[in-house]
1. Whether any residue in the stretch 124-133 is buried (at least 17 other Cβ atoms within 10 Å of the Cβ), in a strand (DSSP E or B) and either modelled with pLDDT of 95 or more or in contact with a helix residue (DSSP H, G or I) (Cβ under 7 Å, 6 or more places away or on another chain) (or both) is what I want to check.
2. Test of understanding: among 36, 41, 85, which residue is modelled with pLDDT of 95 or more and more than 14 Å from the chain's Cα centre (by Cα)?
3. Do we have residue 104 as exposed (fewer than 15 other Cβ atoms within 10 Å of the Cβ), touching a strand residue (DSSP E or B) at 6+ places or on another chain (Cβ under 8 Å) and modelled with pLDDT of 95 or more here?
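The values are calculated or read from the model by the stated rules, or taken from the named source; none is laboratory data. What you are looking at is a predicted structure, and each value in this text was computed from that prediction instead of being measured. Because the Cβ atoms are built from the backbone with ideal geometry, glycine has one as well, and the counts that use them run over all protein chains shown.
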């Protein structure tokens, strides 16, 4: 019986200690950004906004991109409870074609220690014209 009371006391103390532990949590405003159709060479910078909804400082430890054409930038300082931060993503818009990339965020957040952010869209080269368009514009200049 004595062992049972000691075990019960230890479990209670453990539960109280755990309940008092402060944790960071992360909530993103959005986890997906659609660039839409953008021109080659245009501004490829977008931001993901997040809030620390926990009661301890949030530390973004690492931000990793699925491709070298996408450069993410993490906050250097911890984000205080209740405060917001941003993760900046720069996509190389000199590459024509579809955009479909994932950015992985590592943090000390209790609810999402690893979060996936996604960007999508299409980079178009508006300078290139089809052969038919070139012929039409040359004919228009002659008239």
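1. no
2. Working: 41 fails: modelled with pLDDT of 95 or more; 85 fails: more than 14 Å from the chain's Cα centre (by Cα).
Criteria check complete, one pass: 36.
3. Numbers: exposed (fewer than 15 other Cβ atoms within 10 Å of the Cβ): yes; touching a strand residue (DSSP E or B) at 6+ places or on another chain (Cβ under 8 Å): yes; modelled with pLDDT of 95 or more: yes.
Taking the combined requirement at face value, the residue satisfies it.
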